[in-house]
Amino acid sequence: MKRLPSADITWRADGSPQSTRFDDIYFSSDGGLAETAHVFLQGNHLPDAWADQTHFTIGELGFGTGLNFLATWELWRQTRSPDQHLHFISIEGFPLTQEELSQALEKWPTLAPLVAELITSYPTPHSGTHLLHLSDNVSLMLCEDDAIPALSQLEAQVDGWFLDGFSPASNPDMWSEPVFSEVARLSRVGTTFATFTAAGAVRRALATQGFNVEKVKGFGRKREMLVGRMADVPTPTDSKPWYRAPPTSNPKSALIVGAGIAGAATAHALKRRGLSVRLMDGEGLGAGASGNPAALFMPRFSVNPTPEDDFHIAAYLYAEREMQNMQQGASIPFFDPRGVLQFARTEGEATRFEKIAARAPLPEGHLEFIAAKDLKDIAGFETGFPAFLFPRAGVVDPSCLLTHLTQEIEVERIPAASLTHKDGGWYLNDLAADAADVLVLANGSGLSAFPETDWLPLEPVLGQITNLPVGTLPKQSRALVAGPYLISHGDGSALTGATYELGRGEQSALEPTAIGHQHNLQDLAETFPAFASALAGLNLEEVTGRVSFRAQLPDRVPFAGPAPIQDAYLSAYERLRHGDRFAAYPPAPVYPGLFLLGGLGARGFTTGLLLGELLAAQITGTPLPLPRDLADAVHPARFIVRGLRKNSA
């Protein structure tokens, strides 16, 4: 992931924006909305086309100022029924800033309420996929990258296309054969398109991809434009069928096992898509690792970017934006974006920090490199090494967040002993009344306790946190982390931790120990010598804490996706043992309607929200909120596939 080039706009005398890079206007200053209505809304037969669709997906090439999206949203809110959902995907390689977008849209006062909501959620330009949840059951997915890489990483089925890049003469890359090939891949029989251009090359290219294309009257003084409908979708080819989700069965109900952040996030995402959701946990809401009094929220990345690295960045950016937006309507706050300081501890880590800062993995305003000599002004003390400041990271109140996510969902205290799939439904503990179309296992290290999932390499890790009494340490305005972490509370108490004990069985007593507290205090004192004397005088009998298990995986990356049938995978993809990438591999053999989300480790409150959205999209057949490579990186089948490729499965 990277920062993107500027949109390079200038402002014309009438206040409308013009692209310097492409020497073209974004919209007509005197008829922009009318042109959008004529070309894209009428050209795609809206609103009639979405009248009987529960989920309707629009794909757009060229988000620009967002005018097409806003006009569509306005029409949608006037004509939709309460149970309908609009998914709007827009590709943009040169996104405007929030300030530029706001200025450009001042020309359309009739759209002011929608503009205000869009601007509030609009992300700082940065490559990647940015999912925004808006009112009226509208979701906007901004894919910020050049057209071909963005489209090739997209997983969706589009119902109507707005082909609205700058003119073919000024921006030919947006109208190329590879772009239209991806447009066809993402379409179905009956998918429509509309575009302002009537260029012969565009007409021929779309016809080659299977669209029936016709010329119709253009807008205003423009004589003609193109519209069309997909008649013959090309036979899809997939180099990784083992990672593709099965076609949706249009489920109406879901049963989720596990009421920590994984289960709560999934329940929230499915409820938002209109499913009837039941959430079950034998211990209740947030009883496991999600039940700590506070959780650190911050990004994770490495020197050399990988799909796994990009996933963690995408999850952080989504969760930060989503928590800020959700909190606006919450009765109790659950996210404190106080900022997080992450300290380097060695010369090697200092060099690593410098390299990471140089590649700017986060959008502007999300990451600052603080030199060692400047730390005293920021933190009040020095360590001899530099630090990262994440100004928009902070601290989550797990109980309040989980309560908010499940406010319309009852949490049933029922343990999961067995799973049964019968007559197209899933049953928990053989209870006939509890059948659901979809079953999601999100119960931490207990997820691998069933025959369907016992092959998953989940590792239970016992962790103990330590609560420091009021006045033990000076109150820190930001959260601190450098191995151990320190979170100050409003009353002057603090939280530190956590121990890391791999290999302890879940039958271990979940009671804090003096040894665990001593480990946490010693670790904190050694990492931050400025606190050492205050911690040395602390009476361990005055210290309290909490112990819980979290589930992690050998590669430290969580998973979310359909549940693979292990034996069937080994048979279907046997040729992977021999490095055969071109065999005629079948679709992925998975348990129908069974999905998994787990292995969140210590990063659950950073990754859980986006993983819940990913799972909900796979379940409902709606656009995936992650690029293909990133969705593949968190697929539960990756362990089977890796084993086959290493000839060890």
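The values are calculated or read from the model by the stated rules, or taken from the named source; none is laboratory data. Quick caveat, the model's predicted, so the values are computed rather than measured. Cβ placement follows ideal geometry from the backbone for every residue including glycine, while neighbour counts extend to all protein chains displayed. When the accessible area is computed, the model is the full protein with side chains, heavy atoms only, and any ligands, DNA or RNA have been set aside. Shrake-Rupley method; radii C 1.70, N 1.55, O 1.52, S 1.80 Å.
When you look at residue 237, is it open to solvent by 60 Å² or more (accessible area, probe 1.4 Å), modelled with pLDDT under 95 and either more than 17 Å from residue 405 (Cβ to Cβ) or outside any strand (DSSP E or B) (or both), yes or no? Yes.
I'd like to verify a number: residues in the stretch 357-409 that are under 27 Å from the mean Cα position of the chain (by Cα), within 24 Å of residue 295 (Cα to Cα) and not aromatic (Phe, Trp, Tyr), how many?
Residues of the stretch 357-409 under 27 Å from the mean Cα position of the chain (by Cα): 357-369, 387-409.
From the residues that got through so far, the ones that are within 24 Å of residue 295 (Cα to Cα) too are 361-363, 365-369, 387-409.
Cutting the leftovers down to not aromatic (Phe, Trp, Tyr) gives us 361-363, 365-368, 387, 389, 391-409.
Qualifying residue count for the region: 28.
Of the residues 151, 134, 118, the single one that is among the aliphatic types (A, V, I, L, M), open to solvent by 10 Å² or more (accessible area, probe 1.4 Å) and under 22 Å from the mean Cα position of the chain (by Cα) is 134.
Of all the residues in the stretch 422-433, those that are open to solvent by 20 Å² or more (accessible area, probe 1.4 Å) and within 23 Å of residue 269 (Cα to Cα) number 2.
Residue-wise test of (1) over 30 Å from residue 456 (Cβ atoms); (2) modelled with pLDDT of 95 or more.
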position: 519; (1), (2): no, yes
position: 538; (1), (2): yes, no
position: 542; (1), (2): yes, no
position: 552; (1), (2): no, no
position: 558; (1), (2): no, yes
position: 561; (1), (2): no, yes
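Testing residue 33 on (1) closer than 24 Å to residue 97 by Cβ; (2) buried (at least 23 other Cβ atoms within 10 Å of the Cβ), one condition comes back false. Which one is that? Going through the list (1) closer than 24 Å to residue 97 by Cβ; (2) buried (at least 23 other Cβ atoms within 10 Å of the Cβ), residue 33 breaks only (2). The set of residues in the stretch 536-563 that are of a type in the set (Val, Ile, Thr) and under 26 Å from the mean Cα position of the chain (by Cα) contains only 557.
Out of 250, 304, report the one residue that is free of Cβ contacts under 8 Å to residues at least 12 places away in the same chain and in a loop (DSSP other than H, G, I, E, B).
None of the others qualify; the one that does is 304.
For the stretch 270-299, a residue qualifies if it is polar (S, T, N, Q) and not in a strand (DSSP E or B), and the qualifying residues are 290, 292.
Take residue 325 and tell me if it is surrounded by fewer than 17 Cβ atoms within 10 Å (Cβ to Cβ) and within 17 Å of residue 400 (Cβ to Cβ). Criteria met by residue 325. The listed residues are 509, 525, and the only one of them that is farther than 19 Å from residue 602 by Cα, at pLDDT 95 or above and more than 29 Å from the chain's Cα centre (by Cα) turns out to be 525.
Note on the stretch 207-234: among residues that are in contact with a Lys or Arg (Cβ under 8 Å, 6 or more places away or on another chain) and open to solvent by 50 Å² or more (accessible area, probe 1.4 Å), the one that is nearest to residue 177 (Cα to Cα) is 234. The residues of the stretch 45-65 that are part of a loop (DSSP other than H, G, I, E, B), farther than 21 Å from residue 226 by Cα and touching a residue at least 24 places away in the same chain (Cβ under 8 Å), listed by number, are 51, 53, 54, 65.
The helices (runs of 4 or more DSSP H) falling completely within the stretch 604-649 that include 2 or more residues that are free of Cβ contacts under 8 Å to residues at least 24 places away in the same chain and closer than 18 Å to residue 557 by Cα map to 638-645. The sole residue among 337, 293, 363, 333 that is open to solvent by 40 Å² or more (accessible area, probe 1.4 Å) and either in contact with an Asp or Glu (Cβ under 6 Å, 6 or more places away or on another chain) or more than 22 Å from residue 600 (Cα to Cα) (or both) is 333. Annotation: of all residues in the stretch 328-365 being modelled with pLDDT of 95 or more and polar (S, T, N, Q), the one that is nearest to residue 613 (Cα to Cα) is 342. Could you check, for the stretch 40-54, whether at least one of its residues is within 26 Å of residue 156 (Cα to Cα), surrounded by 23 or more Cβ atoms within 10 Å (Cβ to Cβ) and β-branched (Val, Ile, Thr)? No - not one qualifying residue is present in the stretch 40-54. Checked against (1) more than 21 Å from residue 123 (Cα to Cα); (2) in contact with a Leu (Cβ under 6 Å, 6 or more places away or on another chain); (3) part of a loop (DSSP other than H, G, I, E, B), residue 7 passes all but condition (1). Check the stretch 568-583 and report whether any residue there is surrounded by fewer than 23 Cβ atoms within 10 Å (Cβ to Cβ), touching a strand residue (DSSP E or B) at 6+ places or on another chain (Cβ under 6 Å), touching a residue at least 60 places away in the same chain (Cβ under 8 Å) and not in a strand (DSSP E or B). So far as the stretch 568-583 goes, no, none of its residues is surrounded by fewer than 23 Cβ atoms within 10 Å (Cβ to Cβ), touching a strand residue (DSSP E or B) at 6+ places or on another chain (Cβ under 6 Å), touching a residue at least 60 places away in the same chain (Cβ under 8 Å) and not in a strand (DSSP E or B).
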